[in-house]
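Notes for the one structure printed next.
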Amino acid sequence: MSEITPDIKLEDLNFIKDKVIESKEDSSFDLVSELRLKSEQPSTTTDSLKFRTFCSLLADLIDLGWSIEITRKGFDISPPKYIKSNEAKIQARNSNWKAAENDISNLQDATFITKLRNPPVGSKFKSVDLLVDNGEELKKLFEDINTLKDEDKKVDALKKIIKPEIQHCFLDETCSYTGLRLIDIWRYFRLTWSMPYQTSNARTMPFLVRNGARPNKPVIGIFQLVNPFFNNTGRNAFLCWDNYATAANEIKNKNLTVNELSDAFLQSIDKSLKETRYDDLVSDIKLIRKPDQKIISKLSKLSDQYRVEENEEEKTQFNKKIKIKTRREVETPLSRSNEKMYLKKRSKRLSKLLFARMIFNEYGLKKDPKRALTIMMQIADGQRAMNIALEYMRQSIYSTQAADLNVCGSIAPYNELLGGKLITLLSTSKNVMEKYDESYKKEKSIISSAVAGRDIIKPSKLLFLTVSSLYDIASSQYNRLKLYKKDFPKLKTDLIFHEAGTTEGIGSYHISQNTSNLINELTGKVRKFIKKSISGKGHSHKIRKIIIGLRILNIKADDIMMHNQKRRNYVFFHKNKKNMIKYLYGLKKVENFNHCSSDLSITEAWIKRWVIKRILRKESLEKIGKSNYKTLSSLFENVVNEYANEEENYNLFSNISN
C-alpha cells in the first residue's frame, strides 16, 4: 500500500474524501460515476485541471478494483492482489475488460464501431458482421465429421473446412467481400479484446487470418508484429545475454567458446561505433581507436548538457507555429543528427562504447581472450565493459531482427477450437517471415540513421518472436505450445514457444484515454509545453506523458504504474537453443527461410494435435453453435448505446477509394 498526497486544493481533497467515506457507508453510492462526472466539468484553470485529472485517475483505479483508504494527508492506494487460480484469472479478466471498455468509451470509437457494423444505406460497403463465421453451421459440419471412424479422413475433412489465409493489413487495401479497409476490420476485432489497445510509433505489421474455405472468408483471428521492449529482464535472462555472468556461463555450457565470446564482444562495439556519427564530438580519430578517460568524461558531460538543452528546446517550441519546410530544408539523417535529442544520444552512446573499447584494449581482449576475460570477470570496469557490449548486441537484434506479438488471438467461434494456438503458430510460418523481410529489407531506420548521420538499413530477417500472456494465472494459449517434427513430419522444425520468465507488472493499460487526455492538457497548462509522440524518445509517448502529469500532481509514478498484473513471457525461435546463441551473439546470420514451416503444414499439425479432440467435446460444440456476429457486437452495447444520439463530424469511409 502506498500513500499519495495529491497537489490539489484542500477543499477539493476534502470533497473526494467525503465521497470515499460515503461510498464505504452506502454500498449503493456509485463513487466511480461521481468522480468521472467531476472530471468532465468544463473548467480549465490550473487548480481545476489538477482536480479533474486526479478525479479521473482515481475513478480508473477504483473501477479496476484498487483499494483506496483515507489518510490524514491524502489516500493509501494499492492494486488488486491476484492469487494464481482460475477465480483470480476471471477477476483479472474482468478488471482488464473494464479498462478496455473505459478506453473505447468515446464518441470516435463508438462511431467507428457503429459505421463498420451499419455502413451507409446504398453504399458499396457491407457490414463487418459478415466476417464473423456462423457457429451453428460449423457445429453441424463438425458433428458430421465426428461420425467418421478413420482419423485420417477426419483430418482431410477438417482441412476442407478450415483453410487459413494470412492477410497483411496495408493501410488502404480493402476487403473484396465488404469493401472495408483491412486495417479497419483488424481494428474492429481488436476492440473485442479484454485489454486496452495501445498504438506504437515503432514498426507495426497487423495481420488478419481468414478462413478461405468458408463463405465471405470469415476472420479466424488476428495478430500484429511490433518492435519488442528491450529491457524485459525475464526474457533477456532466458536468452542468455542479460549480463556478463550469463554470457560467461555459455562457455561452461559449451554453447560458446572463449574466442567466440571475445569476438562477439569486440564485434558489438566495432559495429555500434561504425553506426555512430562522432566527427563533430571527437576531433581526433585516434581517440576512437584508442580512447582514454578524458574523452569519455567529456562525452558524458556533453550528454548531460544536451539533455538540459533538449528539455528547454521543447518548451520554447510549444508556442511556435509549424513551419512548412522547402525541398532543400527537408530533414536528412545528417541534419537530424544535429538535433539536441540526437546530440544527447550520440554523446551518451559514444561515452559508453569508448569506455568498453578502452577496457578491452587495456586487457588485450583481442590478443589474449582467455586472459582478458578472466581478469575482466573479476573487476567492476571489466564487468561494465562486457555489459555494454551485451547491451548494444541486444539493441542491434531487438531493433529489426526480433518481433513481439503484441496482439494475438482468435475470434468467435474459432476461439472454442483453440484457434488462438493456430494464430500463434501461423505467426512463425515461412509466409509471415518472408512478408516481414519484404516489408523492411529496404527500409531506412529513422533512429539509427539519425544516430549515424547517414542512411542505415538494418537486417530484417527475424531471429525470434516474443509474446506475453495476458495473465500470469492459470493456463494461456501459449502454455505447452509445442509441435515436434517427429510427431508431425511435414513441419520443417520443432515449433516451441519457450517460457521465459515474467514481466514486472508495470505499465499504463489501466489509465483511461480520458485521464491521459486530461494529463496532456494539465502538462500544457503547467509546463507550457506538451510532450509529443516522437520516434527516438525512448519510453512510449503515453507513459512519458503520464509520468510528467503524475509529477505535477505530486504522485510518484511507481505508485500508479505498478499495477501488479505480471505476465508470462514466451520466446519462439526456429533453431535449437545451442545454435540460437550464436545468432544472438552475432556470430551467425539468417540466410533464408527454408527452415520455416508452411501455413498448410502448421494448420494440419494444429488440426491433428487439438481440433480433432476439441470437436468431440459437447461443451465446445454447444458454445460454437451459439456463436455468431452478435456474440462480438454485444460486447460494444454499452459504449454504442451511450453515444447513440450523437454524431461524429467525420466520414469513416472517406479514406476508402471508390
Could you please let me know if Thr603 is open to solvent by less than 20 Å² (accessible area, probe 1.4 Å) and touching a helix residue (DSSP H, G or I) at 6+ places or on another chain (Cβ under 9 Å)?
yes
Are there any pairs, at least 6 apart or on different chains, whose C-beta atoms fall under 7 Å, with the first in the stretch 574-592 and of a type in the set (Gly, Ala, Ser) and the second open to solvent by 70 Å² or more (accessible area, probe 1.4 Å), and if so, which?
Gly586/Gln267
Among residues of the stretch 607-629 being among the hydroxyl-bearing types (Ser, Thr, Tyr) and part of a helix (DSSP H, G or I), the residue nearest to the chain's Cα centre (by Cα) is Tyr629
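Identify all residues within the stretch 20-56 that are open to solvent by less than 10 Å² (accessible area, probe 1.4 Å) and within 17 Å of Gln513 (Cβ to Cβ); write none if there are none. Lay out the reasoning, then the answer.
Within the stretch 20-56, the subset open to solvent by less than 10 Å² (accessible area, probe 1.4 Å) is 20, 35, 39, 49, 53-56.
Selection gives Leu35, Ser39, Leu49, Thr53, Phe54, Cys55, Ser56.
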Being within 27 Å of Leu470 (Cα to Cα) and of a type in the set (A, V, I, L, M) is the requirement here; does Ile607 meet it?
yes
Can you tell which of Leu256, Leu287 is aliphatic (A, V, I, L, M), open to solvent by 10 Å² or more (accessible area, probe 1.4 Å) and at pLDDT 95 or above?
Leu287
Go through the stretch 238-253 and count every residue that is open to solvent by less than 10 Å² (accessible area, probe 1.4 Å) and either closer than 16 Å to Asp368 by Cα or not acidic (Asp, Glu) (or both).
3
With the structure loaded, tell me whether Val219 is under 22 Å from Ser427 (Cα atoms), touching a Leu at 6+ places or on another chain (Cβ under 6 Å) and not aromatic (Phe, Trp, Tyr) or whether it fails that test.
yes
Reported set for the stretch 583-600 where residues are open to solvent by 40 Å² or more (accessible area, probe 1.4 Å) and assigned to a helix (DSSP H, G or I) is Leu600
Tell me yes or no: at least one residue of the stretch 601-615 is modelled with pLDDT under 95, closer than 30 Å to Ser399 by Cβ and touching a Leu at 6+ places or on another chain (Cβ under 7 Å).
no
Output the number of residues of the stretch 182-200 satisfying the condition of being in contact with a helix residue (DSSP H, G or I) (Cβ under 7 Å, 6 or more places away or on another chain) and open to solvent by 30 Å² or more (accessible area, probe 1.4 Å).
3
Picking from Leu171, Leu130, the residue that is surrounded by fewer than 14 Cβ atoms within 10 Å (Cβ to Cβ), among the aliphatic types (A, V, I, L, M) and under 36 Å from the mean Cα position of the chain (by Cα) would be Leu171
Find the residue count for the stretch 181-223, including only residues that are part of a loop (DSSP other than H, G, I, E, B), modelled with pLDDT of 95 or more and touching a Phe, Trp or Tyr at 6+ places or on another chain (Cβ under 6 Å).
1
Of the candidates Leu266, Leu281, the one satisfying the condition of being in a helix (DSSP H, G or I), in contact (Cβ under 8 Å) with a residue 24 or more places away in the chain and of a type outside the set (Gly, Ala, Ser) is Leu266
Ser469 being at pLDDT below 95 and open to solvent by less than 20 Å² (accessible area, probe 1.4 Å)
yes
Restricting attention to the stretch 398-428, which residues are open to solvent by less than 10 Å² (accessible area, probe 1.4 Å) and assigned to a helix (DSSP H, G or I)?
Tyr398, Thr400, Tyr414, Leu417, Gly419, Gly420, Leu422, Ile423, Thr424, Leu425, Leu426
What is the residue count in the stretch 348-386 for residues that are outside any helix (DSSP H, G or I), under 24 Å from Ile285 (Cβ atoms) and either out of contact with any helix residue (DSSP H, G or I) (no Cβ under 8 Å at 6 or more places or on another chain) or open to solvent by less than 80 Å² (accessible area, probe 1.4 Å) (or both)?
4
Step by step: first the residues of the stretch 145-165, then only those that are in contact (Cβ under 8 Å) with a residue 12 or more places away in the chain and open to solvent by 80 Å² or more (accessible area, probe 1.4 Å), then the one that is nearest to Ser598 (Cα to Cα). Which residue is that?
Lys163
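Pick out the one residue from Leu518, Leu522, Leu553, Leu584 that is at pLDDT 85 or above, within 30 Å of Ile166 (Cα to Cα) and aliphatic (A, V, I, L, M).
On inspection, the qualifying residue turns out to be Leu584.
The values are calculated or read from the model by the stated rules, or taken from the named source; none is laboratory data. These figures come from a predicted structure and were not determined experimentally. Glycine gets a Cβ as well: all are built from the backbone with ideal geometry, and neighbour counts include every protein chain shown. Heavy atoms of the whole protein, side chains included, go into the accessibility calculation; ligands, DNA and RNA do not. Shrake-Rupley method; radii C 1.70, N 1.55, O 1.52, S 1.80 Å.
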